[in-house]
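The values are calculated or read from the model by the stated rules, or taken from the named source; none is laboratory data. Quick caveat, the model's predicted, so the values are computed rather than measured. Note that each Cβ is placed from the backbone with ideal geometry, even for glycine, and that neighbours are counted across all protein chains shown. Just the protein is used for accessible areas: all its heavy atoms, side chains included, with ligands, DNA and RNA removed. Shrake-Rupley method; radii C 1.70, N 1.55, O 1.52, S 1.80 Å.
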Amino acid sequence: MNGIDRRTLMGGALLGGAGAAIGMPSIARAQSKQLKIATIALVNSPWHKALNRFKEVVEAESAGRYTVAVYTDGQLGDIAQLLSAMQLGTVDFSYFGLSSISFVRGGEAFNVLYVPYLFKNGEWGEKILNTDPELLGMFDKMATTAGVRVFGAWGQRSPRAIQSTRGPIVKPEDVKGLRLRIPAIPMLRATFDRLGAQSTPMGMLEIYSALSRGAVDGQDNGFDLSIPPRFHEAAKFWSATDHVNELVGFFASERLWKGLNETDREIFRKASKAAGEVTTQLTKELDTEAIDILKKAGCTYVVPDRDAFRKAVAGVEDELDGKMWPKGMVARLRTLQGA
């Protein structure tokens, strides 16, 4: 019924036939506000299905006061463009890698989430990022300075790995000299500089072409953003370094968020958690299937010496500690996990 709760219509009829006769359904429809949520992920990917769940929960919990239009495939832009659009208020919500908030002014401290081997797994990441007072305070501060708010860190991503066109990577020395596409994030750049790679920042939508043309030798991502766009057609070697356990984040335009009452904010928080559960489930299924997908495509999948990688990048974050994020935060987050 176009997102209108049946009980609302029945209630209008019971209150008075005259009210129904003059168009109660039309009034209800007129009061419905449509919101846009966008992602860079492909249609039918885990993130897309998660956003469909977000839409279902929002529309049901708001009794049709809100409707949600879902945009996939980077239709409304790459990550940097979506962040800008939320700052302007032309896009209401987005869903992509949480740590990408470090792109915006005021979000630099969230480079900490790219410290290699920071979180033991996605479960620990979700637990800490949605409850730790210091991190929640950082999200609030960033919303004020950047105009973009994180209102849920839900959805466990595939661990980041190295995908290459130039042969299997089994030890840190194999990374030296590789031209690798990475996001334009200082902490990731520092990590790959330490390993001797030639880092090449570029957007997600450029990766397939760059790999195919030989403009780069590889890329840094997990199965969740590498298998659906079929990067394995161009880059045949996968090294499961698992160097970052990252989450997906729900982002909102602070212009929109400031205009919401607490009841409606709680609807969006509830929807984000429900959607994140879809992402986590489908991503884990994809992670299980991805190795077979790679092998059937003639790719080589290897598990490198992860301890050697941990040692090779140990302390790479020290130069940024106390400058880009609060001093001692990395040590504190590791202690919370019993590390």
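List of remarks:
- Residue selected from the stretch 139-156 under the condition without any contact (Cβ under 8 Å) to a residue 40 or more places away in the chain and open to solvent by 20 Å² or more (accessible area, probe 1.4 Å), by the criterion farthest from GLN281 (Cα to Cα): LYS141
- Index of the failed condition, PHE103 passing every other in (1) in contact with a helix residue (DSSP H, G or I) (Cβ under 9 Å, 6 or more places away or on another chain); (2) more than 19 Å from PRO183 (Cα to Cα): (2)
- Meets criteria (part of a loop (DSSP other than H, G, I, E, B) and either farther than 25 Å from ALA50 by Cβ or hydrophobic (A, V, I, L, M, F, W, C) (or both)) for LEU260: yes
- Cβ-Cβ under 7 Å pairs, at least 6 apart or on other chains, the stretch 314-339 side closer than 20 Å to TRP124 by Cβ and open to solvent by 50 Å² or more (accessible area, probe 1.4 Å), far side part of a helix (DSSP H, G or I) and β-branched (Val, Ile, Thr): LEU336/ILE128
- The set of residues in the stretch 281-303 that are open to solvent by less than 40 Å² (accessible area, probe 1.4 Å), of a type outside the set (Gly, Ala, Ser) and part of a loop (DSSP other than H, G, I, E, B) contains only CYS299.
- Exactly one residue out of ALA63, ALA80, ALA109, ALA69 is out of contact with any His (no Cβ under 9 Å at 6 or more places or on another chain), assigned to a strand (DSSP E or B), surrounded by fewer than 23 Cβ atoms within 10 Å (Cβ to Cβ) and among the hydrophobic types (A, V, I, L, M, F, W, C), and it is ALA69.
- Annotation: of all residues in the stretch 244-266 being surrounded by fewer than 24 Cβ atoms within 10 Å (Cβ to Cβ) and touching a residue at least 60 places away in the same chain (Cβ under 8 Å), the one that is nearest to the chain's Cα centre (by Cα) is ASN245.
- Qualifying position, being modelled with pLDDT of 95 or more, touching a Ser or Thr at 6+ places or on another chain (Cβ under 7 Å) and open to solvent by less than 30 Å² (accessible area, probe 1.4 Å), among ILE128, ILE162, ILE185: ILE162
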